[in-house]
Amino acid sequence: MMTEMDWKAAAEAKRLSVLNAIPKKWQIQAIPPVSEQRDVTGSYIHQFLTAHEIEITETDAAGIVEQTISRKWSAVEVTEAFCHRAALAHQLVNCLHEIFFDAAIEDAKQLDAYYAEHGKPSGPLHGLPVSLKDQFHVQGVETTMGYVGWIGTFQGKKGDPRSTTFESELVRELRSLGAVLYCKTSVPVTLMMGETANGIIGYTWNPRNRYLSSGGSSGGEGALIALRGSPGGFGTDIGGSIRVPAGFNYLYGLRPSSGRVPYEGAANSMDGQISILPVVGPLATTARSIVLLFKAILSQEPWNHDPLALEVPWRNEIVQQTQALIEESQRGVPALAFAIVHHNGHVRPHPPVARGLKLVEQTLKRLGHRIIEWNPPASDLADEIAMRVFCSDAGTDVRSHFDLSGERPTQKLFIGHEGDRHLNAMDLAALNVQKREYQKLYMEYWNSTVDQTGTGRPVDGFISPVAAHAAVIPGQFKYIGYTVFANVLDYTSVVLPVTHADKQIDIPRAPGDYLGEIDKQIQEDC
C-alpha cells in the first residue's frame, strides 16, 4: 500500500497530466475566483472561442449530424471545435479524467477521407463528437474511475495486458457508427454518490454556479454538456447517476430499462451485483439528440455482443402510435394520461422544484392531456431495498480499491461500511424476492389506473422530481428517494429540463410541519 504522501503525489501527477494534455493555445491564463464569476456558461466561455466554434458547439447533436452528413461541416472542424470547448470546460469546472484530442482529430481526418473516397458518410453519427463517462475503456487511455490505485493499471490490476488496449462494447459500436471519441468525464470515486469528487481531479462544479454541484455520478458528463463541450455523451445509472446530473445541469437524460444499451466491458463498482442492474444511457441538450444516440446504438444490435442486452430494436410503430394520440388531443379528445408526484410522502421538494412540477401539470392540461392522482406503493420500501443491495457486501469491493493506494473517501457514499453485515446467499435471495414482490405491487397499481384515465388504458406515465432540490452545495446531497425507486422497478426514466431556481419567486417554507427527519434536514438546506 502507498503512504499518504505517495498516493497524493500519484494523484497530483495524474491531475497534471490531464491539464498538460490541453494544447497551450487553449490554456486559460487566469481564471477568476468563483466569488467574481459564478456562471461560466454562455458569454463567459464565448470569449475564448471563434464565432464559427460557437456556431458548431451550440448546435445540438442531431443538427451536427445533419451538417456532417451533408458535408457542410467536416468531421475535423467539428471535432476541433469541441476539443477546444471541452478543454476550456475542464479548466473551469474540473470535468475530465482523460483527454485524447490528437487521436480524435486523426479519427476525424479518416472519416473525412472515407467520405471523400466513398461519397457517403461512415454511419448515422458520422463526425459527431461523443463524450464518455470514465467507466468505458478506450484504447490508448486509462480508466481510473476516480481511484488513485487504478492509475497505470487495468481496473487496479498491474501488468494486465488489457491496460490501454481493451475497448468496451459501447466504444466499439460508437466507432462503427462514425462517432468521434475525444474525452472521458469525471466521476465520484466508487460511483455511489450524488456529487462528483475524487482524489485525482478534485470536485466537479456546476457551470451555472460554481458554488454548487454538477451532480453525480455522471457529473462530469453533466458539467461538460452544460458548457457545450460535448453535444451528447453516455453515462451510467444505478440510483440516479444519469438523472441527477441531467437535472442539476438543465439537460435531457435517459435512464433506459436494463439491457437496452450495452454495459459489456465497462468498469464498475460491485461488479457482478445483479439485484439492481446498472444501465447505460445518453445525456444531451435536446430530446431529439437523445433519440438520435439511443436509436443509433440499437441499430448496432448490441444483443449480439453483450449477453445481458435484450433483443429489442427501435420500435418506430410505438412512436407513430404516440404521435397519433397527441394529434387526437389537439382535437379535444383526451389522448394521453399522466400523474404528477408532487411529493413522495417522505421529502417535500424545495419551492423551485414544486414550481416546475406545477408548470408541467399546467402545460399538459393546456395541451389536452388528462392528469390523475398517483398513490403507488410506498417509495420508502424501494429506498430500503436499494440500500440493502448497495450495502450487501459491507463495502468490501470499494475498500479493496481504496486499499490499493491507501486513499479514503471524503464525501457521503451510498455504500456499505466495515462492520455492516455481509449478506449471504439466502439473504440475497430473500432480498430479490422482496424486490420482485414490490415490482408486482407497483405493476398492479399502475394497471389499476385504467379506471381513472378515461382513455381505456392505464396511465401513460408519471411526472416526478429528479431530486427534492436544485443543484446542492458540496456535501449536501443526502437523499436518492426520487430516483432510486425507478432502479428498483427497472422503469425507463427521462429527465426533461423545465425551469431554474429563482430566489425572487421561490421562497423557502416556514420551519415546521416536517414529514420526518430527512425532510427536516432537506427543508433546512433550502
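Find all pairs meeting these conditions: Cβ atoms under 9 angstrom apart; at least six residues apart or on different chains; first residue within the range 242-263 and outside the structural domain of Arg288 (by the TED database); second residue buried (at least 24 other Cβ atoms within 10 Å of the Cβ).
As it stands, the answer is none, since no pair meets every condition given.
When you scan the range 507-520, do you find a residue that is in contact with a Phe, Trp or Tyr (Cβ under 7 Å, 6 or more places away or on another chain) and within 27 Å of Phe248 (Cβ to Cβ), even just one?
yes
Does Val312 satisfy the condition of being at pLDDT 95 or above and buried (at least 23 other Cβ atoms within 10 Å of the Cβ)?
no
Would you mind stating whether Leu381 is under 30 Å from Gly461 (Cβ atoms), in the same structural domain as Val459 (by the TED database) and assigned to a helix (DSSP H, G or I)?
Yes: the conditions hold for Leu381.
To keep it simple, each residue is scored yes or no on (1) open to solvent by 10 Å² or more (accessible area, probe 1.4 Å); (2) of a type in the set (Val, Ile, Thr); (3) on the phi > 0 side of the Ramachandran plot; (4) assigned to a loop (DSSP other than H, G, I, E, B).
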| residue | (1), (2), (3), (4) |
| --- | --- |
| Pro245 | no, no, no, no |
| Pro282 | no, no, no, no |
| Ile290 | yes, yes, no, no |
| Leu308 | yes, no, no, yes |
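Going residue by residue through the range 340-349, is there one that turns out to be within 27 Å of Lys133 (Cα to Cα) and under 25 Å from the mean Cα position of the chain (by Cα)?
no
With the requirement that a residue be more than 17 Å from Phe390 (Cβ to Cβ), open to solvent by 60 Å² or more (accessible area, probe 1.4 Å) and polar (S, T, N, Q), what does the range 413-465 give you?
Asn447, Gln452
Among the numbered criteria (1) touching a residue at least 12 places away in the same chain (Cβ under 8 Å); (2) outside any loop (DSSP other than H, G, I, E, B); (3) open to solvent by 40 Å² or more (accessible area, probe 1.4 Å), which one does Arg348 miss?
With respect to (1) touching a residue at least 12 places away in the same chain (Cβ under 8 Å); (2) outside any loop (DSSP other than H, G, I, E, B); (3) open to solvent by 40 Å² or more (accessible area, probe 1.4 Å), Arg348 is out only on (2).
What are the pairs with Cβ atoms under 7 angstrom where one residue, in the range 510-526, is over 14 Å from Ile473 (Cα atoms) and the other, located anywhere, is in a helix (DSSP H, G or I) and open to solvent by 60 Å² or more (accessible area, probe 1.4 Å)? Sequence gap at least six, or different chains.
Cβ pairs passing all conditions: Tyr514/Lys520.
Thr3 fails exactly one of the following numbered conditions: (1) open to solvent by less than 60 Å² (accessible area, probe 1.4 Å); (2) modelled with pLDDT under 95. What is the number of that condition?
Condition not satisfied by Thr3: (1).
Can you name every residue in the range 138-159 that is open to solvent by 10 Å² or more (accessible area, probe 1.4 Å) and either under 22 Å from the mean Cα position of the chain (by Cα) or among the polar types (S, T, N, Q) (or both)?
Once the filter is applied, which keeps residues that are open to solvent by 10 Å² or more (accessible area, probe 1.4 Å) and either under 22 Å from the mean Cα position of the chain (by Cα) or among the polar types (S, T, N, Q) (or both), the range 138-159 yields Gln139, Val141, Glu142, Gln155.
Taking the range 491-506 as the region of interest, how many residues are loosely packed, with under 13 Cβ neighbours inside 10 Å and either in contact with a helix residue (DSSP H, G or I) (Cβ under 6 Å, 6 or more places away or on another chain) or not in a loop (DSSP other than H, G, I, E, B) (or both)?
0
Just wondering, is there one or more residues in the range 328-338 that are over 20 Å from Gly233 (Cβ atoms), assigned to a strand (DSSP E or B) and touching a strand residue (DSSP E or B) at 6+ places or on another chain (Cβ under 6 Å)?
Scanning the range 328-338, I find at least one residue that is over 20 Å from Gly233 (Cβ atoms), assigned to a strand (DSSP E or B) and touching a strand residue (DSSP E or B) at 6+ places or on another chain (Cβ under 6 Å), so the answer is yes.
Which ones in the range 268-287 are farther than 14 Å from Ser218 by Cβ and small (Gly, Ala, Ser)?
Across the range 268-287, the qualifying residues are Gly272, Ser275, Ala287.
Name the single residue that is nearest to Leu181 (Cα to Cα) among those in the range 71-88 being open to solvent by 10 Å² or more (accessible area, probe 1.4 Å) and of a type in the set (A, V, I, L, M, F, W, C).
Going through the qualifying residues, I end up with Val76.
Looking at the range 80-100, is at least one residue part of a helix (DSSP H, G or I) and without any contact (Cβ under 8 Å) to a residue 12 or more places away in the chain?
no
Just to be sure before I move on: is Met387 open to solvent by 20 Å² or more (accessible area, probe 1.4 Å), out of contact with any helix residue (DSSP H, G or I) (no Cβ under 8 Å at 6 or more places or on another chain) and without any contact (Cβ under 8 Å) to a residue 24 or more places away in the chain in the structure I sent?
Criteria not met by Met387.
Under the condition of being without any contact (Cβ under 8 Å) to a residue 40 or more places away in the chain and open to solvent by less than 80 Å² (accessible area, probe 1.4 Å), which residue from the range 327-341 is farthest from Leu277 (Cα to Cα)? Can you show your working first?
Initial filter on the range 327-341 (without any contact (Cβ under 8 Å) to a residue 40 or more places away in the chain): 327-328, 330-333.
Right, trim to open to solvent by less than 80 Å² (accessible area, probe 1.4 Å) and you get 328, 332-333.
Working: Glu328: 37, Gly332: 41, Val333: 39 Å.
Checking each candidate, the answer is Gly332.
For the condition under 24 Å from Met193 (Cα atoms), open to solvent by 30 Å² or more (accessible area, probe 1.4 Å) and of a type in the set (Ser, Thr, Tyr), what is the one hit in Thr363, Thr410, Thr322?
Numbers: Thr363 fails: under 24 Å from Met193 (Cα atoms); Thr322 fails: under 24 Å from Met193 (Cα atoms).
Just a single option satisfies the conditions, and that option is Thr410.
Quick one: in the range 93-103, which of the residues that are crowded, with 24+ Cβ neighbours inside 10 Å and among the aliphatic types (A, V, I, L, M) is nearest to Val40 (Cα to Cα)?
Across the range 93-103, the extreme among qualifying residues is Val93.
Which residues, taken from the range 160-204, are open to solvent by less than 10 Å² (accessible area, probe 1.4 Å), under 14 Å from Phe136 (Cα atoms), outside any loop (DSSP other than H, G, I, E, B) and not basic (Lys, Arg)?
Leu170, Val171, Glu173, Leu174, Leu181, Tyr182, Cys183, Thr185
When the range 23-70 is examined, which residues are found to be touching a residue at least 40 places away in the same chain (Cβ under 8 Å), part of a loop (DSSP other than H, G, I, E, B) and either of a type outside the set (A, V, I, L, M, F, W, C) or open to solvent by less than 50 Å² (accessible area, probe 1.4 Å) (or both)?
Across the range 23-70, the qualifying residues are Pro23, Gln27, Ile28, Val34, Gln37, Arg38, Asp39, Val40, Thr41, Glu58, Thr59, Asp60.
For the range 384-410, which positions are assigned to a loop (DSSP other than H, G, I, E, B) and not small (Gly, Ala, Ser)?
If the condition is that a residue be assigned to a loop (DSSP other than H, G, I, E, B) and not small (Gly, Ala, Ser), then Cys391, Asp393, Asp403, Leu404, Glu407, Arg408, Pro409, Thr410 are the ones that fit.
The values are calculated or read from the model by the stated rules, or taken from the named source; none is laboratory data. Quick caveat: nothing in here was measured; it's all calculated off a predicted structure. Every residue, glycine as well, gets a Cβ built from its backbone with ideal geometry; the counts of neighbours run over all protein chains shown. For the accessible areas, the whole protein counts, side chains as well, though only heavy atoms, and no ligand, DNA or RNA atoms are used. Shrake-Rupley method; radii C 1.70, N 1.55, O 1.52, S 1.80 Å.
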